[in-house]
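Take a look at the structure set out below.
The values are calculated or read from the model by the stated rules, or taken from the named source; none is laboratory data. Only a predicted model underlies this, so the values are computations on that prediction, with no experimental measurement involved. Don't worry about glycine lacking a Cβ; one is built from the backbone with ideal geometry, like all the others, and counts go over all protein chains shown.
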There are 2 protein chains.
Amino acid sequence: MESSRREIEVMANLLSSNDMQADVNRTYFRKNHCLAINVIGSPGSGKTTLLEKTLPLLMLNLRVGVIEGDIFTSKDADRIAAYNIPVIQINTGGGCHLDSKMVNKVLPVFDEKGVDLLIIENVGNLVCPADFDLGEAFKVIVLSIVEGDDKPAKYPVIFRNAKAVVLNKMDLEALTDVNMENMRRDILAINPDIKIFEVSCRKGNGLEEWISWLKQEVANA
Amino acid sequence: MESSRREIEVMANLLSSNDMQADVNRTYFRKNHCLAINVIGSPGSGKTTLLEKTLPLLMLNLRVGVIEGDIFTSKDADRIAAYNIPVIQINTGGGCHLDSKMVNKVLPVFDEKGVDLLIIENVGNLVCPADFDLGEAFKVIVLSIVEGDDKPAKYPVIFRNAKAVVLNKMDLEALTDVNMENMRRDILAINPDIKIFEVSCRKGNGLEEWISWLKQEVANA
């Protein structure tokens, strides 16, 4: 990027101040025995729909809370509120990602109820959220396979930093030109330890494996 | 966004310095009788595929050049190079959008050949590129309808600032829950003057209208 030395300095300060606040959040989560995960994906990859399909099964055994990150609307939080769990919307007002300060501000909402699992859905963006630690235990990518199998190589930072990737809209595979073998190969080339799930949120396929993995992560936390 | 006064100041300086350089680019385009357009959309919305389908027909009457914006790879420029037209890749090296200085630096590439239409494909991101004027005549959005009909309301800035939106992957309409009536209504509520095209790049449907509109824009420029 074309940046003056002053801009680079400010960006470095911004990231370092974000990291410090993220550590505070991380301590909070640990103290409260809460696994926090940061869910990242392009607009329309199916992040909120994945939550809608996942929550009813998680709620059987766990106390779950949700933070919805969005630029302007509360559309996603309204959808999640139907599940009668603690949910809060953060509007970034134009900002392209959540940061650790925004998250810290809303944490008291979950204090009273207590949550075992806090799902933070980031702003729909495959680039900027990758750089901002929120204090989460790990990041999860949601990628719609309709976006194409070239996406891991084109957006490697987020694939390098995530613990799991949910490949969504598998029901559309036969109707697109996506090559799932290339997709998996490229993802594992960037991050050999990443866990890959193939699901169709719309049809309900493949969700059990993802949900039982997530439950196990909460149990191990 | 949570920003200190210093960060806000630097962001304002960055945007104002970008705008000044954009004006220089705009003057260059005008002087060279070149219509420059800035194509913006999420990862996998189909921006490069739209170019691949559009170029063969545009090239019959026009001299076309392409700038490909990407974070790391030259995958998109490699695809466009097959059409034997002047194309240059800009890698932002992590940056989430093109800016007017990056574009200015590569303009000499097109000097010798001369182009009537310069298509600038931005980084796959529906948020950040909306704020950075590159000196283009206008912006075009590419939105995959598979992303869902809630996207215009969730990402209004880019819809407010664009002259046209290409709704791509229409061949998948019946297999998704997208409501095209809501989609069109929300787009026009944000920007009543925007031109809407419904296409399937994969099947080739609806492309003629888009291409003849673009040709007319070049003729009117």
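A few notes on this one:
- Here residue B:101 meets each of (1) assigned to a loop (DSSP other than H, G, I, E, B); (2) modelled with pLDDT of 95 or more with one exception, condition (1).
- Residue match in the range A:52-63 (condition: over 19 Å from residue A:213 (Cβ atoms), of a type in the set (D, E, K, R) and surrounded by fewer than 19 Cβ atoms within 10 Å (Cβ to Cβ)): no
- Between A:87, A:106, the distinction of being within 14 Å of another protein chain (Cβ to nearest Cβ) and at pLDDT 95 or above belongs to A:106 only.
- Test set (1) aliphatic (A, V, I, L, M); (2) in contact with a strand residue (DSSP E or B) (Cβ under 9 Å, 6 or more places away or on another chain); (3) not in a strand (DSSP E or B) - residue B:24 fails condition number: (2)
- Test: residue A:137 is more than 14 Å from chain B (Cβ to nearest Cβ), out of contact with any Gly (no Cβ under 6 Å at 6 or more places or on another chain), within 26 Å of residue A:190 (Cβ to Cβ) and surrounded by fewer than 24 Cβ atoms within 10 Å (Cβ to Cβ): yes
- Residue that is nearest to residue B:192 (Cα to Cα) [pool: residues in the range B:152-166 that are within 12 Å of another protein chain (Cβ to nearest Cβ) and charged (D, E, K, R)]: B:160
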